[in-house]
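Quick notes on the structure that follows.
The values are calculated or read from the model by the stated rules, or taken from the named source; none is laboratory data. The structure displayed is predicted, hence computed values, not measured ones. With ideal geometry, Cβ positions are generated from the backbone for all residues, glycine too; neighbour counts draw on all protein chains shown.
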Amino acid sequence: MDAAYCSSCKKRVTEPGAVRMACPSCTKETIIRCRDCRHLAVKYLCHGCGFEGPN
Ligand SMILES: [Zn+2]
Ligand SMILES: [Zn+2]
């Protein structure tokens, strides 16, 4: 995995358990979430369309 930063907390994510997924709204931006933010269901924000949410 390349250097990636969590979309929620901006921490660099390198550990297994982080996920990379397409934005569920616009599908153009990539959302990255670290294990902690997944676990805590921390909100993320898509910079492409402004979509916000844990789902
Ligand atoms: Zn995070
Ligand atoms: Zn989006």
Exercise for the section: Filter segment 36-52 for residues that are closer than 13 Å to C23 by Cα and either near ligand 2 (Cβ under 8 Å from one of its atoms) or without any contact (Cβ under 8 Å) to a residue 24 or more places away in the chain (or both) and give the result. Expected result: C46, H47, G48, C49, G50, F51, E52
Handout entry: Cross-chain or 6+ apart pairs with Cβ under 8 Å, segment 4-22 first and without any contact (Cβ under 8 Å) to a residue 60 or more places away in the chain and farther than 15 Å from H39 by Cβ, then more than 11 Å from ligand 1 (Cβ to nearest atom) and among the acidic types (D, E)
Key = A22/E29
Completion exercise
Among the residues of segment 32-55, the number that are surrounded by fewer than 14 Cβ atoms within 10 Å (Cβ to Cβ) and among the aliphatic types (A, V, I, L, M) is 2
Practice task
Could you tell me whether any residue of segment 11-21 is surrounded by 12 or more Cβ atoms within 10 Å (Cβ to Cβ) and more than 11 Å from ligand 1 (Cβ to nearest atom)?
Solution key: yes
Exercise for the section: May I ask you to verify whether E29 is more than 8 Å from ligand 1 (Cβ to nearest atom), surrounded by 14 or more Cβ atoms within 10 Å (Cβ to Cβ), free of Cβ contacts under 8 Å to residues at least 60 places away in the same chain and among the acidic types (D, E)? Expected result: yes
Problem - Which numbered condition C49 misses (of (1) part of a loop (DSSP other than H, G, I, E, B); (2) at pLDDT below 95; (3) of a type outside the set (G, A, S)) - result: (2)
Practice task
Within segment 23-30, identify whether any single residue is outside any helix (DSSP H, G or I) and away from ligand 2 (no atom under 16 Å from the Cβ), and answer yes or no.
Solution key: no
